[in-house]
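Values quoted throughout were computed directly from the atomic coordinates according to the rules given, and no laboratory measurement underlies them. All of these numbers come straight from a predicted model, not from anything done at the bench.
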Amino acid sequence: MSALAPGRLLAAALAFVLWGGWALLANWPAGHREALVAGVLQGCASAIITLLMAVCANALFARLPGRVLRIAAPPLLIVSVSFSALWLAHTANDTPALWATILPPSCLAFAYCLYLTLSLARDAATSEQ
């Protein structure tokens, strides 16, 4: 499945609205302008991360040896990179509520990535039988 498949584009749009809206609310006490910029920044980043996450998880899962490494490494690597990118972007932007802005989407991204790799492992085990 392509990164730009219709289902993934819808997921990216929903990520933009959900996490952009969250960043807007988390930063609202700092002022409307700061909140709006943080919301647009987080929304765009979340949409891009959503488009790339499943593609990267599938690619890493296929290339890694061993069941445990195939399940654990993709979420750890992908979320480490995306968390670092979010931290850099929001730090450069001077986002007032930095941690409140980036921790919730990063935690959910980790849970989703872990779910995805567990599903891939289950599918791989089923196809081997």
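Given an 8 Å cut-off on Cα distances and at least 6 residues of separation, report the relative contact order of the chain as a percent.
Answer for the chain is 27 percent.
Could you work out which residue, out of Ala26, Ala62, Ala13, moves most in a Gaussian network model of the chain, that is, has the largest mean-square fluctuation with Cα springs under 10 Å?
Fluctuation is largest for Ala62.
For the stretch 1-47 and the stretch 69-129, what is the centre-to-centre distance using only Cα atoms, to the nearest Å?
16 Å
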